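Step one of this worksheet: look at the structure below.
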Amino acid sequence: MNDAQLTRYSRHLLLKQVDFTGQQRLLASRVLVVGLGGLGSPLTLYLASSGVGHLVLCDDDQVDLGNLQRQIVHRTADIGRDKVASARDTLLALNPEIEITPLKARLAGAVLREQVRQVDVVVDASDNFATRAALNAACVIEQKPLVSGAVIRMQGQVTVFQAGGPCYGCLYSGVPDGTEEGADQEDCRHQGVLAPVAGIIACVQATETLKLLLGVGDTLAGRLLLLDALAMAWRTVKVLKDPACQVCGVRP
Ligand SMILES: [Zn+2]
């Protein structure tokens, strides 16, 4: 690290859980973030500012005026631009030292698996069940940790799926595998959301991602954290591995 980096990351270097070695590790890390909306915006800002060395950003959408209330990585001037391009510009303005690979696509199948294989951690910041299921399946096969978050109205939930533990399929048995017609019907895209509630869940996702990269602390693996922002109360639900899970269980 050069002098500027020592200054930029000084508050990390003061933490014994990060220190010089941990910061070097973050700088050498590669993370895939799927979705640059209400969750992906705050969490990529924190991953970039924290010095995660390579961010692969995936989203097939463009910035819309209605996004700006909560999707804080985009600016008013970005309306109409691809979200991946808009996010890349904001993140590089914040930290020009990191590398960003923008992928304007809805990844699936072999292409998705190839992207998952190349990263240390995958972050699910998507807004629909089809993408969630596809990401989960790819992470189970490639044995990569998946940091999953969701937000709706004034509620949020966040967890981590890691190899050997329960997966998204164990939590929601019967969720579509991403290929079925109508898999998007019960998603969060057309629901209201109080802007900073997305930020709270995104910040938990960013924290878990950094912990996974650093190899410190206890992650949310096996625990689903539920937020009721109206009561401002958190609840923890234990998540068990389902031996009959269609994604990670023993196949017949
Ligand atoms: Zn499973």
Value of relative contact order over the chain, rounded to a whole percent, pairs C-alpha under 8 Å and six or more apart: 20
Of the residues Leu135, Tyr46, Ala87, the Cα lying farthest along the dipole of segment 7-142 towards its positive end, which is defined by charges on the beta carbon of Lys, Arg, Asp and Glu, belongs to Tyr46
If you place +1 on the Cβ of every Lys and Arg, -1 on the Cβ of every Asp and Glu, and leave all else neutral, what size is the dipole of segment 187-252 about its Cα centre, to the nearest 20 Debye? 160
Within the chain, what's the longest stretch lacking GluC sites (Glu not before Pro) that sit in DSSP loops with no more than 10 other Cβ atoms inside 10 Å? 1-180
Tell me which lysines have Cα within less than 18 Å of Lys144's Cα, excluding those fewer than 8 residues away on the same chain? Lys211, Lys241
Helices from the chain with mean Kyte-Doolittle at least 0.5 and a Cα length along the axis of 24 Å or more, per DSSP H: which? 195-214
In square angstrom, rounded to the nearest 10, how much accessible surface does Phe20 have for a 1.4 Å probe? 90
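Leaving ligands, DNA and RNA out of it, report the carbon-plus-sulfur percent of the accessible area of the chain at a 1.4 Å probe. All intermediate terms of the calculation are to be shown ahead of the outcome.
Numbers: 6400 of 12110 Å².
That share works out to 53 percent.
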Expressed per residue, the solvent accessible area of the chain in Å² (1.4 Å probe) is about 48
Using only the alpha carbons of the chain, determine the length spanned along each of the three principal axes and report them from longest to shortest in whole angstroms. 56, 42, 40
Here FRET efficiency (C-beta to C-beta, Ser49 to Gln246, R₀ 35 Å, nearest 0.05) is 0.35
Given unit charges at Cβ for Lys, Arg (+) and Asp, Glu (-), the dipole magnitude of the chain about its Cα centre in debye, nearest 20, is 620
Cα centroid of segment 13-68 to Cα centroid of segment 204-252, whole Å: 19
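The values are calculated or read from the model by the stated rules, or taken from the named source; none is laboratory data. Just so we're clear, the structure is a prediction, and the values are computed from it rather than from any experiment. FYI the Cβ positions are ideal-geometry reconstructions off the backbone, even for glycines, and counts take in every protein chain you see. With ligands, DNA and RNA removed, areas are computed over all heavy atoms of the protein, side chains included. Shrake-Rupley method; radii C 1.70, N 1.55, O 1.52, S 1.80 Å.
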